[in-house]
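The values are calculated or read from the model by the stated rules, or taken from the named source; none is laboratory data. In this text, all values refer to a predicted model and were calculated from it rather than measured experimentally. We place every Cβ from the backbone using ideal geometry, glycine too, and count neighbours over all the protein chains shown.
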Amino acid sequence: MTTRAYLTSAIFAATALTAPSLASAVEINVYTTREPALIAPLLEAYTKATGTKVNTVFLKDGLAERVASEGASSPADILMAVDAGNLVDLAEKGVTQPIESSVLNGAVPEQLRDGKGHWFGLSMRGRVLYAAKDLDLASFNYEDLADPKYKGKVCIRAGQHPYNTALFADYIAHHGAEETEKWLTGVKANLARKAAGGDRDVAKDILGGICDIGIANTYYVGLMKAGKGGEEQVKWADAIKVVLPTFKDGGTQVNVSGAAVAKHSPNKAEAVKFLEYLVSDDAQKIYAEANYEYPVKAGAGVDPIIASFGELKIDNKTLAEIVSHRKQASELVDKVGFDN
Ligand SMILES: [Fe+2]
């Protein structure tokens, strides 16, 4: 650097430090298992509004291990993950810290956040019924999946997939393990094909006449209908309708993407501000719509494809309770030979 350039930047830096109207030089670091592209528009909007730069570190796997290994010198401020089980794991591995924020507590329904403030759901998806379009079916209970009248008509991905173990864990929360085992045996007996493939294959196989109904996540309908997976998938989506099922004594099973403040966050105050921004009406709409999800905050906008399913009534069991039954759900899947 020339002397002149050095002086200019020194003067600029001094001005920046003393002029409160200028953007602050604060940066926060977000470690995320979510594709950064999904949150990029929000980060840009946040930086524009506050001057806080948001850096992202994308980790497909091993988020908790990475933060734990960095220890007290970890630069991570925010940890973002999909699936309540992964958020619970972060808290259990001791890499998060509790946050007391009336903004977050007011925006995020109680079922969708940790009771001690270690993590907060930010967007949600329902695990719902895809049904053949012409099927005469306006409502559905998860319990009905084991009804013998659906013998040979049900499609679903592997029971051991986390999407399904979460649903089965919710079933345990409602009915206990014994009833859940009976139900799983009944669902298994109703399968039209091996429990395998992905959620979109449920729509594909309904179009192909292999099954009449199946269980899958809401956002795939948005992705398929909007043509994000190609022309073929638009046809799959057009072959089905979505029915929002409920438990007989509850609502629709949902899972979340969410975030936590890292235990050793170097900028805790900024990290909390950032999370509070993510539950503002505008941010919720952008964040949820990026992947055809539901905002967690009541009244924030939702994509028209998703809105067309009708009003989502979130199940009354907390995600924390559901996650606590995960292991047992997985054991039952093996016990009844669900994936064989
Ligand atoms: Fe998915």
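A few remarks follow.
- Taken together, the residues in region 254-274 that are buried (at least 23 other Cβ atoms within 10 Å of the Cβ), in contact with a helix residue (DSSP H, G or I) (Cβ under 9 Å, 6 or more places away or on another chain) and either aliphatic (A, V, I, L, M) or without any contact (Cβ under 8 Å) to a residue 24 or more places away in the chain (or both) amount to 6.
- Count - residues of region 219-232 that are under 15 Å from SER308 (Cβ atoms) and either in contact with a helix residue (DSSP H, G or I) (Cβ under 6 Å, 6 or more places away or on another chain) or surrounded by fewer than 14 Cβ atoms within 10 Å (Cβ to Cβ) (or both): 5
- Failed condition for LYS235, given (1) away from the ligand (no atom under 16 Å from the Cβ); (2) without any contact (Cβ under 8 Å) to a residue 60 or more places away in the chain; (3) part of a loop (DSSP other than H, G, I, E, B); (4) touching a helix residue (DSSP H, G or I) at 6+ places or on another chain (Cβ under 7 Å): (3)
- Matching option when the condition is at pLDDT 95 or above and in the same structural domain as ALA45 (by TED's automatic domain parsing), among GLU331, GLU321, GLU293, GLU289: GLU293
- Among the residues making up region 286-340, those that are buried (at least 17 other Cβ atoms within 10 Å of the Cβ) and free of Cβ contacts under 8 Å to residues at least 60 places away in the same chain are GLU289, ALA300, VAL302.
- Residue-level check: of (1) under 20 Å from VAL242 (Cα atoms); (2) in a helix (DSSP H, G or I); (3) without any contact (Cβ under 8 Å) to a residue 60 or more places away in the chain, ARG157 misses just (2).
- Residues located in region 228-258, provided they are within 26 Å of THR32 (Cα to Cα) and at pLDDT 95 or above: GLN253, VAL254, ASN255, VAL256, SER257, GLY258
- Flag if VAL261 is more than 18 Å from ASP170 (Cβ to Cβ), within 16 Å of the ligand (Cβ to nearest atom) and at pLDDT 95 or above: no
- Whichever residue in region 190-213 is away from the ligand (no atom under 16 Å from the Cβ), hydrophobic (A, V, I, L, M, F, W, C) and assigned to a helix (DSSP H, G or I) and, among such residues, is farthest from the chain's Cα centre (by Cα): LEU207
- Of all residues in region 65-113, those that are surrounded by 14 or more Cβ atoms within 10 Å (Cβ to Cβ), of a type in the set (A, V, I, L, M) and over 14 Å from the mean Cα position of the chain (by Cα) total 11.
- Test: LYS116 is at pLDDT 95 or above, in contact with a Pro (Cβ under 9 Å, 6 or more places away or on another chain) and surrounded by fewer than 21 Cβ atoms within 10 Å (Cβ to Cβ): yes
- Any chance VAL242 is within 16 Å of the ligand (Cβ to nearest atom), touching a strand residue (DSSP E or B) at 6+ places or on another chain (Cβ under 6 Å) and not in a helix (DSSP H, G or I): yes
- Check on GLY209, out of contact with any helix residue (DSSP H, G or I) (no Cβ under 9 Å at 6 or more places or on another chain) and among the small types (Gly, Ala, Ser): yes
- Matching option when the condition is within 16 Å of the ligand (Cβ to nearest atom), at pLDDT 95 or above and more than 24 Å from VAL88 (Cα to Cα), among VAL187, VAL221: VAL221
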